Amino acid sequence: MNSQAAALKPVAAVSERDMANAIRALAMDSVQKANSGHPGMPMGMADVATVLFSRFINIDPSAPNWPDRDRFVLSAGHGSMLQYALHFLLGYDDMPIEELQRFRQLGSRTAGHPEYGHALGIETTTGPLGQGIATAVGMALAERMLAARHGADLVDHFTYVIAGDGCLQEGISHEAIDLAGHLKLSRLIVFWDDNSISIDGPTSLSTSMDQAARFKAAGWHVQSVDGHDTEAVGAAIEAAQQSDRPSLIACRTVIGKGAPNLGGSEKTHGAPLGNAEITATRENIGWVYAPFEVPENILFAWREIAERGQAARRTWEQRLAASPRRQAFESAVAGNLPDAVSEALGAFRKEHVEKATKVATRKASEMALGAINAATDLTVGGSADLTHSNLTITKGMDRIAPDDYAGRYIHYGIREHGMAAAMNGIALHGGFVPYGGTFLCFADYARGAMRLSALMGQRVIYVMTHDSIGLGEDGPTHQPVEHLAMLRATPNLNVFRPADIIETAECWELALKSKNRPSVLVLSRQNLPMLRQAHSDEPHSDENRSSHGAYILREPAEHRAVTLIATGSEVEIAVAAAERLETEHGIAAAVVSMPCWELFEEQDADYRKAVLGSAPRIAIEAAARLGWDRWIGDTGAFVGMTGFGASAPAPDLYRHFDITPEAVAAAALKLII
Ligand SMILES: Cc1ncc(C[n+]2csc(CCOP(=O)(O)OP(=O)(O)O)c2C)c(N)n1
Ligand SMILES: [Mg+2]
């Protein structure tokens, strides 16, 4: 609690209207001071938010991460001042009034849009419209799954979302509401800020959608209320809580409610109201206080909500202390992998080095997952309808179904974007490590949410198979070319492209251990030989060599004349090229396997220098060149794709696009002779 709270005494009865007007005033004053921001949405939804918080929500600002708290997601993230005003009013320690006065300024906690990690109590980053509601679906699913494992006395909370017209117009909302309706996520309650306004003007400019019918068709419980009628809103929330389905409460509101001249107009969406209109609004709503001043009695009413939450949290803690599930629950929520995972993967690597197992890396991933999922139940898998191509399900994984959340496997349907956002929600909620599969090419469809995994630093693992022209006959629509560059350009995302079964197991271990970073496992459809033993001085070692990002797989006896750097399926080609150069031309070629650029970049300069060497370098990757110049330098060469792929058997395509040992050897000869 911040210091103002302690001295507060009730001085007069406070109405919900007064409480809501505090939000309105703080929103318009902060936006005016920043000369930037969105006052309309917070002013329009102030009444709904007040009813939700004053009568229903269970959160404790003094313990913002209490596991059984209700989750609140401001999907319409441009209305961030609603969230910040709430946090100040509720008394979050890190949200004194000065933070509202620094709205949208460098280093403040009150960023333009709510950002996870910037301030306590922000459950997820929002702003890209539609992400919040789709992330909330993952949170509500995680709640049901955790409750199925640990019981309702430990896990029993709601996920509340405020979504605008924009969130519901975005395509991702369709994926999200379809999945939530199907899975009967009854603890999900969405308030639609139904104000018929977006940036360009009335929503009638671009939509005739009957949203209530759309949600009903997806299996939701749907109500419609006047969003300024606090009794109606309260009754709707009660009914929603009773429903056995996810709920939409369409709240008819006036954007910028309270502003006498601009209210109801798109002009309040994303610009300060201006001093004259702010003065007129103060008069109109009877707010007699100075900018950023909230009278004690109103603050007190808000802080009572926090006290109620604190009491609920304490009762819950008593239940936890007495629960036989305490240890299991705490360890799940902490998200620490048991040592058994690394031990199992170590044994797995040893076994497959010895057997020289030759499989596609997608198959290797399935095999590694078999070991991982047996060693921990933190992992929950899934796929966007490509389970038997991505190979993401392992023995004994029961599926999640409507009314049955005890399983570990989620059929996300053909909804890559919804899957990625749901995985963010599952990771943010806590208790699980989500992984999910699709074809690498469809990373495009998941991109918006993948970017947020990275921005929020969430341990979400993307299993992306069919990673190049090596997928063959499905052709250029399915053959990723530019995707590795796109993923590698994304900050705080580890992109792993393992070359064989050993690297696959190593990369899985690294992904699981990256608690604050998402990972993409880029996997082949075609079989790949085990390379570690045959071409390395040390066949099996306990060391996870992929953890360096890149390492020397083959060091020639002679001083290197050329270094061949490759990832994934092209490491095999590099090795064949090195052998050819040596036997046919007497040229000493080193091979560097580089499964993860990002981790290699993090190694010290000496290690990087030793791996890359001073000889000319050639990079080989069946993808776009973009980015490779970082590693090959001015004097290097690249063997890979220069345009889209084609439809044919994979070996024909490698020949057609000249990604072969012969082509690599020829490039080497050209470089060094
Ligand atoms: C994916 C995405 N596209 C575009 C935007 C830019 N944008 C921010 S708010 C907004 C309009 C939102 O309308 P609505 O949800 O009705 O909000 P209201 O005007 O009612 O506050 C747009 C297009 C965005 N934030 N995210
Ligand atoms: Mg709107």
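When segment 36-76 is filtered for residues that are touching a helix residue (DSSP H, G or I) at 6+ places or on another chain (Cβ under 8 Å), of a type in the set (S, T, N, Q) and more than 15 Å from ligand 1 (Cβ to nearest atom), the ones remaining, listed by number, are Thr50, Ser54, Asn58, Ser62. Exactly one residue among Arg252, Arg187 is of a type in the set (Lys, Arg) and either within 16 Å of ligand 2 (Cβ to nearest atom) or surrounded by fewer than 16 Cβ atoms within 10 Å (Cβ to Cβ) (or both), and that residue is Arg252. Could you look through segment 376-416, keep only residues that are in contact with a His (Cβ under 9 Å, 6 or more places away or on another chain) and among the basic types (Lys, Arg), and pick out the one that is surrounded by the fewest Cβ atoms within 10 Å (Cβ to Cβ)? Selected residue: Arg399. Cys167 falls short on exactly one of the conditions (1) crowded, with 18+ Cβ neighbours inside 10 Å; (2) more than 15 Å from Ser247 (Cα to Cα); (3) over 20 Å from the mean Cα position of the chain (by Cα), and that condition is (3).
With respect to being surrounded by 20 or more Cβ atoms within 10 Å (Cβ to Cβ), in contact with a strand residue (DSSP E or B) (Cβ under 7 Å, 6 or more places away or on another chain), closer than 26 Å to Gly472 by Cβ and modelled with pLDDT of 95 or more, Asn373 falls outside the description. The helices (runs of 4 or more DSSP H) falling completely within segment 87-175 that include 1 or more residues that are closer than 27 Å to Phe432 by Cα and touching a Lys or Arg at 6+ places or on another chain (Cβ under 9 Å) map to 131-150.
Restricting Ala577, Ala624 to residues that are out of contact with any Gly (no Cβ under 6 Å at 6 or more places or on another chain), surrounded by fewer than 24 Cβ atoms within 10 Å (Cβ to Cβ) and small (Gly, Ala, Ser) narrows the list to Ala624.
Every condition in (1) over 21 Å from Phe53 (Cα atoms); (2) surrounded by fewer than 21 Cβ atoms within 10 Å (Cβ to Cβ); (3) away from ligand 1 (no atom under 16 Å from the Cβ) is met by Leu120 except one, and the failing one is (1). Name the residue that is farthest from ligand 1 (Cβ to nearest atom), counting only residues in segment 191-201 that are in contact (Cβ under 8 Å) with a residue 60 or more places away in the chain and not in a loop (DSSP other than H, G, I, E, B). Among those that are in contact (Cβ under 8 Å) with a residue 60 or more places away in the chain and not in a loop (DSSP other than H, G, I, E, B), it is Phe191. Within segment 454-489, the only residue that satisfies the criterion of being surrounded by fewer than 20 Cβ atoms within 10 Å (Cβ to Cβ) and of a type in the set (Ser, Thr, Tyr) is Thr477. Taking each residue of segment 160-185 that is closer than 26 Å to Phe53 by Cβ and hydroxyl-bearing (Ser, Thr, Tyr) and looking for partners that are within 13 Å of ligand 2 (Cβ to nearest atom) and assigned to a helix (DSSP H, G or I) with beta-carbon atoms closer than 6 Å, six or more apart or interchain, yields Ser173/Cys167.
Checking Met367, Met419 one by one, the residue that is assigned to a helix (DSSP H, G or I), surrounded by fewer than 23 Cβ atoms within 10 Å (Cβ to Cβ), hydrophobic (A, V, I, L, M, F, W, C) and in contact with a strand residue (DSSP E or B) (Cβ under 9 Å, 6 or more places away or on another chain) is Met367 and no other. How many of the residues making up segment 160-187 are closer than 18 Å to Ala420 by Cα and away from ligand 1 (no atom under 13 Å from the Cβ)? Adding up the residues that qualify gives 11.
When segment 195-253 is filtered for residues that are more than 20 Å from Leu52 (Cβ to Cβ) and β-branched (Val, Ile, Thr), the ones remaining, listed by number, are Ile197, Ile199, Thr203, Thr207. Evaluating Thr203 against the criteria (1) within 19 Å of Asp70 (Cα to Cα); (2) within 16 Å of ligand 2 (Cβ to nearest atom); (3) among the hydroxyl-bearing types (Ser, Thr, Tyr) leaves one unmet condition, (1). Could you list all residues from segment 309-332 that are in contact with a helix residue (DSSP H, G or I) (Cβ under 9 Å, 6 or more places away or on another chain), surrounded by fewer than 19 Cβ atoms within 10 Å (Cβ to Cβ) and assigned to a helix (DSSP H, G or I)? The answer is Leu320, Arg326, Ala328, Glu330. The listed residues are Gly381, Gly448, and the only one of them that is out of contact with any Asp or Glu (no Cβ under 8 Å at 6 or more places or on another chain), part of a strand (DSSP E or B) and farther than 22 Å from Leu528 by Cβ turns out to be Gly381. If you go through segment 215-225 and keep only what is more than 16 Å from ligand 2 (Cβ to nearest atom) and not hydrophobic (A, V, I, L, M, F, W, C), you end up with Lys216, Gly219, His221, Gln223. Counting residues in segment 336-352 that are in contact with a Gly (Cβ under 8 Å, 6 or more places away or on another chain) and among the hydrophobic types (A, V, I, L, M, F, W, C) gives zero.
The residue of segment 38-85 that is farthest from Tyr116 (Cα to Cα), among those that are part of a loop (DSSP other than H, G, I, E, B) and within 16 Å of ligand 2 (Cβ to nearest atom), is Pro39.
Exactly one residue out of Ile177, Ile197, Ile172 is closer than 17 Å to Gly264 by Cα and either surrounded by 18 or more Cβ atoms within 10 Å (Cβ to Cβ) or of a type in the set (Ser, Thr, Tyr) (or both): that is Ile197.
The values are calculated or read from the model by the stated rules, or taken from the named source; none is laboratory data. Given the structure is predicted, the values throughout are model-derived calculations rather than measurements. Glycine also receives a Cβ, built like all others from the backbone with ideal geometry; neighbour counts cover every protein chain displayed.
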